[in-house]
Structures are given as C-alpha cells and as structure tokens.
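Some notes on the structure that comes next.
The values are calculated or read from the model by the stated rules, or taken from the named source; none is laboratory data. Here the structure is a predicted model, which means the values were calculated and not measured. All Cβ positions, even for glycine, are placed from backbone atoms using ideal geometry, and neighbour counts span all protein chains on display. These area figures cover heavy atoms from the full protein model, side chains too; ligands, DNA and RNA do not enter into them. Shrake-Rupley method; radii C 1.70, N 1.55, O 1.52, S 1.80 Å.
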Amino acid sequence: MKKFFQVALMALTVVFMASCVAGGSGNYKEGDPAPEIDYNNGTVNGIAYDDEVEACWKTEVTAKFMGIKVNLTYFDWGTEFDIVAVHEYTAWTSAQIGYSSYRYVSAIDATKKDYEACKAADDEAAKNR
C-alpha cells in the first residue's frame, strides 16, 4: 500500500509539473528538420499547447557554444504556445549555426499579472544578460 501511494504521488507530481511548465526538448542537431509549428491548431511538433490564455512566462535558457555555457533569464508575455514555439524554433536555429546545446524551461510567473509588470521584469533581467 505504501508503494502505491508513492507511485500515485510521483504521478501527480509529473502531471502538475507538466501542466504549469512549458518546455520542449530543445534537442536539435545541425541538419535536423525545423520544428513543426502549426499556428492554426496551436501545436509544436504535434503537441498541443494553450494558445488562448496570456500570462507572464519566466524562461530559463541554457546554451552552450564552443565550450562556453551561458544561462539567461527572460520574461515574456504570451500564451504557452507562443513561448514554446519561439524557443523550439530558437533551439533549432541555434543548432544550425553551431550551438552544441540549447535548453529552456518556462513557467508562469503569477506575480507579474499584466504586460507592463512582465516587461519591467524582463527589462530588469536584461541588465544581467
């Protein structure tokens, strides 16, 4: 019974994280085909994302180029689909110009309730880029 509860808790954690975190693989190599972005259906590589509710997304990006690793933080206003589409395409583009990796994790930052607050947070984060 204890094992059942552990597995159930782990499953709930995975479902919760999947519902509030947008992140794609960002796992592209030079020569790979571009991500399939369907603007009409709100899908990226066949996975559907919310394309109606706008929010402030905090995105952590890690990129590696010629052995140099860079960590960046962005705040963007948009839908989950907007954020995933942009970062998947950026990950693919980065691979085509020689980046060895580009990873991202995005989550809604509920403290930024409107576009202006989100933009101000991104302006502040830009000072550290």
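Out of all the residues in segment 56-75, which are crowded, with 19+ Cβ neighbours inside 10 Å and of a type outside the set (K, R)? Give the derivation first.
Start the filter on segment 56-75 by keeping residues that are crowded, with 19+ Cβ neighbours inside 10 Å, which leaves 56-59, 61, 63, 74-75.
Matches in segment 56-75: C56, W57, T59, V61, A63, Y74, F75.
Go through segment 1-34 and give me each residue that's modelled with pLDDT of 50 or more and within 14 Å of the chain's Cα centre (by Cα). Lay out the reasoning, then the answer.
Filtering segment 1-34 down to residues modelled with pLDDT of 50 or more leaves 22-34.
A22, G23, G24, S25, G26, N27, listed by residue number.
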Worksheet item: For segment 98-107, does any single residue satisfy the condition of being at pLDDT below 95 and exposed (fewer than 15 other Cβ atoms within 10 Å of the Cβ)?
Response: yes
Practice prompt. Give the residue, chosen from E80, E88, that is closer than 17 Å to K29 by Cα, in contact (Cβ under 8 Å) with a residue 24 or more places away in the chain, open to solvent by less than 80 Å² (accessible area, probe 1.4 Å) and out of contact with any helix residue (DSSP H, G or I) (no Cβ under 7 Å at 6 or more places or on another chain).
Written response: E88
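Given the criteria part of a loop (DSSP other than H, G, I, E, B) and on the phi < 0 side of the Ramachandran plot, does E124 qualify? Steps first, please.
Details: part of a loop (DSSP other than H, G, I, E, B): no; on the phi < 0 side of the Ramachandran plot: yes.
No: the conditions fail for E124.
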Practice prompt. Quick one: which residue in A48, A95 is buried (at least 16 other Cβ atoms within 10 Å of the Cβ), of a type in the set (A, V, I, L, M, F, W, C) and on the phi < 0 side of the Ramachandran plot?
Written response: A95
